[in-house]
Amino acid sequence: MLKIFRYIFSIITLLIAVHGLITSNFVFQHYMMFFLGLTMLVMGLEEFKNKRKVYGWYLLLFLYFHYLFL
């Protein structure tokens, strides 16, 4: 289930980024950053699920700083 969420959030992020690059319209950049953060959250949860806690904490720490400076 987490893998499906990761793919969905990654595709949404990629589509918004490509749209912004092609049209030079960066109105949706905040949504792109939001979905990038959700992708990192899901990846961190996957790492915890796979018993790789160091990578999980690293991704969650990155997510925290991502939203702190967003």
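Miscellaneous remarks
- Identity of the residue in segment 17-52, polar (S, T, N, Q) and within 13 Å of R6 (Cβ to Cβ), that ends up farthest from the chain's Cα centre (by Cα): N50
- Residue match in segment 15-33 (condition: under 23 Å from F69 (Cα atoms), polar (S, T, N, Q) and crowded, with 17+ Cβ neighbours inside 10 Å): no
Values quoted throughout were computed directly from the atomic coordinates according to the rules given, and no laboratory measurement underlies them. This structure is a prediction, so every number in the text was calculated from the model and none was measured. Neighbour counts are summed over all protein chains in view; Cβ atoms, including those assigned to glycine, are modelled from backbone coordinates with ideal geometry.
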